[in-house]
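Have a look at the structure below before the remarks.
The values are calculated or read from the model by the stated rules, or taken from the named source; none is laboratory data. Since this is a predicted model, take the numbers as computed values, not measurements. When we count neighbours, we look across all protein chains shown, and the Cβ atoms used for this are built from the backbone with ideal geometry, even at glycine. SASA here: full protein model, heavy atoms, side chains in, ligands and nucleic acids out. Shrake-Rupley method; radii C 1.70, N 1.55, O 1.52, S 1.80 Å.
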Amino acid sequence: MNDSVKYPAGEGRWKESDRAIAHIDMDAFYASVEILDFPELVGLPVVVGGDSNRGVVSAASYEARKYGIHSAMPIFRAKRLCSGLVIRPGRMTRYVELSREVMKVLHGFSPIVQQLSIDEAYVDLTGTGKLFGRPSSAVCSIKKEILAATSLTCSIGLSSSKLIAKVSSDMNKPDGIAIVPPSRVMDFLHGLPVGAIPGIGGKSEEQLRQIGVRKIGDLSKLKPGYLEERFGKFGRRLEAIAEGRIHSELIPWSQPKSVSNELTMPEDTSDMRTLEKYLLGLADKVGRRLRRQGLKGRTVTLKVKTHKHRLLTRSSTLEHPVNQGRVIYEQTRGLLREYGVPVSLRLIGVGVSGLEPESGGGQFAMFEGPSPGEEKWDRVERAVDSIIDRFGSGAVKKGRQLE
Ligand SMILES: [Mg+2]
């Protein structure tokens, strides 16, 4: 194992009372698992992804990255960059199995673990000094234990906040540790290019560049209030970051088994159009909750309760996991029509189970890339999500709900 530890903003002390948050990120996770399980791939440029004209790279080995290949790149372009490229289909079950091993190790160091995706998590190491020593040695132990449990390497960022831990875990990749002690946080932060902050993308970066802001430190040279005036809520967030108000709690999270919504209707009904109207609202809500949690599911369930309080469920399992309201609606509507509604109903519900992380998702989501039509719907639904986040669910009604 590479025992390299970097201090990108210099060394500093860690007091017992200081917070200590580690961000753990597995190195080229899917590609590394392929190389681990198929040793003949060692030293070869390997990507995991769908080998079709719609396929995208979902992980690239470090060997493949030397050719400029990176995740989210279309497979055909990756092949053009490297003629000897090895393309492996994804083996999600195996990745999930190893991900569980990683999370198990992390839970051995702290009860407060926030899993971000299949291969990334925060661990709150605050106050664990008596058990694991200084935070800098605790993260070394985490790395060793992950290697022992999975034979895979990871990179770790350690600081006093989630934000800085996450940013620094990229700074000594692969197989390295980067530490920003609490006393060095402000210097570190002010030296960062604004684009290094998760959530600040190309467009905001460009807008900030226009007002002369390249680094976080440049933000604090602006007139107080200016950022809010110009960028609203986003500006307030930037101001907070520039002042080092960046602490947020870890959200210990375990993946739910299913996401569902149901509704007792104002009056019992067997009218198909009325039922479909409610179904559409429920399917949208379930889709939104799935997307917000970064999940997709394969099994879609319709639940109804008759006027005599008899409960019935019907499910269908799909080839690809879904989280779009439109697809969930179509599936449950099909189930409702199959059922035929012979009696009037008092309750109707929609559920999605067989969940998996969206980013590490099924064949459709990551190995193929969405078809243009799907992508458009996906964008529409996400745009709706952001409107609802800002203005509440009353702001958006789809055609059929308006009737
Ligand atoms: Mg990773």
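Does Ile112 satisfy being away from the ligand (no atom under 16 Å from the Cβ), within 12 Å of Ala22 (Cα to Cα) and either open to solvent by 30 Å² or more (accessible area, probe 1.4 Å) or in contact with a strand residue (DSSP E or B) (Cβ under 9 Å, 6 or more places away or on another chain) (or both)? Yes: the conditions hold for Ile112. Residues that are under 18 Å from Ala149 (Cβ atoms) and within 14 Å of the ligand (Cβ to nearest atom) within region 121-132 comprise just one, Ala121.
Which of the residues spanning region 34-71 are closer than 13 Å to Ile87 by Cβ, assigned to a helix (DSSP H, G or I) and away from the ligand (no atom under 15 Å from the Cβ)? Scanning region 34-71 gives a single hit, Leu41.
The residues on offer are Ala22, Ala28, Ala9, and the sole one that is small (Gly, Ala, Ser) and in contact with a Lys or Arg (Cβ under 7 Å, 6 or more places away or on another chain) is Ala9.
Is region 218-237 home to any residue that is open to solvent by less than 40 Å² (accessible area, probe 1.4 Å) and under 24 Å from Tyr122 (Cβ atoms)? Looking through region 218-237, none of the residues is open to solvent by less than 40 Å² (accessible area, probe 1.4 Å) and under 24 Å from Tyr122 (Cβ atoms). Please work out if Ala20 is more than 16 Å from the ligand (Cβ to nearest atom) and among the aliphatic types (A, V, I, L, M). Answer is yes for this residue. Please work out if Ala9 is away from the ligand (no atom under 16 Å from the Cβ), assigned to a loop (DSSP other than H, G, I, E, B), crowded, with 18+ Cβ neighbours inside 10 Å and modelled with pLDDT of 90 or more. In short, yes. Take the conditions at pLDDT below 95, open to solvent by less than 20 Å² (accessible area, probe 1.4 Å) and within 16 Å of the ligand (Cβ to nearest atom) and apply them to Ile118. Does it pass? Considered against the rule, which asks whether it is at pLDDT below 95, open to solvent by less than 20 Å² (accessible area, probe 1.4 Å) and within 16 Å of the ligand (Cβ to nearest atom), Ile118 comes out as yes. Val286 falls short on exactly one of the conditions (1) in contact (Cβ under 8 Å) with a residue 60 or more places away in the chain; (2) more than 12 Å from Gly349 (Cα to Cα), and that condition is (2).
Quick grid of which residues meet (1) open to solvent by 40 Å² or more (accessible area, probe 1.4 Å); (2) part of a helix (DSSP H, G or I); (3) free of Cβ contacts under 8 Å to residues at least 40 places away in the same chain:
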residue	(1), (2), (3)
Thr126	yes, no, no
Ala138	no, yes, no
Ile142	no, yes, no
Leu147	yes, yes, no
Ile156	no, no, no
